[in-house]
1. Going through the stretch 91-138 one residue at a time, which ones are hydrophobic (A, V, I, L, M, F, W, C), over 14 Å from R153 (Cα atoms) and part of a loop (DSSP other than H, G, I, E, B)?
2. Return yes or no: is T101 in the same structural domain as S162 (by TED's automatic domain parsing), of a type in the set (S, T, N, Q) and in contact (Cβ under 8 Å) with a residue 24 or more places away in the chain?
3. Just to be sure I understand the filter: pairs with C-beta atoms under 7 Å, separated by 6 or more residues or on different chains, first member in the stretch 37-63 and under 14 Å from I22 (Cα atoms) and among the acidic types (D, E), second member modelled with pLDDT under 90 and crowded, with 24+ Cβ neighbours inside 10 Å. Which pairs pass?
4. Only one of these is at pLDDT 85 or above, of a type in the set (D, E), crowded, with 18+ Cβ neighbours inside 10 Å and more than 30 Å from Q167 (Cα to Cα): D38, D26, D55, D34. Name it.
5. Within the stretch 133-142, does at least one residue satisfy the condition of being modelled with pLDDT under 90 and under 16 Å from E81 (Cα atoms)?
6. Since K97 meets every condition but one in (1) more than 24 Å from A169 (Cα to Cα); (2) under 37 Å from the mean Cα position of the chain (by Cα), which condition does it not meet?
7. Given the residues I88, I82, which is the only one that is surrounded by 13 or more Cβ atoms within 10 Å (Cβ to Cβ) and part of a loop (DSSP other than H, G, I, E, B)?
Amino acid sequence: MNERIRVPKVRLIGADGEQVGIVATDEARQMARDADLDLVEVAAGAKPPVARLLDYSKYKYEQEQKQKAARKHQTQVNIREIKLRPKIAANDYNTKKGHVTRFLNQGDKVKITIMFRGREQAHPQRGRDLLQRLFEDLEGLATIESKPLQEGRNMSMLLGPSKEAIQAAQDSKKDESGDEPETDSIPDHPQAVVPDHPQAIATTPEDLAEAAESAKSDVSAQPAEADADASEKS
């Protein structure tokens, strides 16, 4: 829900980032209508509040494109765990190896844990040999990120996907996503100040923070002159 700014004046920033100065709020609204732009409050705590003229529809589109580009460089890595026994049967071994292969091809890391029981703890080398065997059987899909380490009754090793596995995971994601554009919704905030304007949407965008800080600096540097200008316009 949009809400009007309930202050008589605002410090206005133009569409190109220029400092317009302190103007009556109603005048700022009219300027937004005349330019077919939105009037957006960017610094509610300033005295007077800082508002800016912008095309919010265009701004929203640009933000979506930035977020889409950022997601391309983000990789979410999960750590899976597979547990083995030192005397694991061949069928079970092949099944667990298949799970590890699938996880690596998805771009996940895998923690392999050997569980020792009773007298098996006296032969830790069997665990190391099993871990080394598994790593070699993966045929270049994995890299060892943490060498075998024994803690109590368990011995574990952390495997990460190799470059080949990472590339396979990226190709798989591209095939699944296709060419459909990705969009993120930007939540509305109750600071829009243009009533009766069909495109007026409230926001406090981070990209406008620098302009807001600049406006506040102008207020502190020349308070007398700003008040005088506001008095003449009113």
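1. Residue satisfying the conditions is L138 alone.
2. Taking the combined requirement at face value, the residue satisfies it.
3. That search, which allows pairs on different chains as well, returns E41/V193.
4. That would be D38, the only listed residue that is at pLDDT 85 or above, of a type in the set (D, E), crowded, with 18+ Cβ neighbours inside 10 Å and more than 30 Å from Q167 (Cα to Cα).
5. Going through the stretch 133-142, the residues modelled with pLDDT under 90 turn out to be 139-140.
Checking the rest, the ones that are also under 16 Å from E81 (Cα atoms) come to none.
Scanning the stretch 133-142, I find no residue that is modelled with pLDDT under 90 and under 16 Å from E81 (Cα atoms), so the answer is no.
6. Every listed condition holds for K97 apart from (1).
7. Of I88, I82, the one residue that is surrounded by 13 or more Cβ atoms within 10 Å (Cβ to Cβ) and part of a loop (DSSP other than H, G, I, E, B) is I88.
The values are calculated or read from the model by the stated rules, or taken from the named source; none is laboratory data. This structure is a prediction, so every number in the text was calculated from the model and none was measured. In this analysis, Cβ positions are derived from the backbone assuming ideal geometry, glycine residues included, and neighbour counts consider all displayed protein chains.
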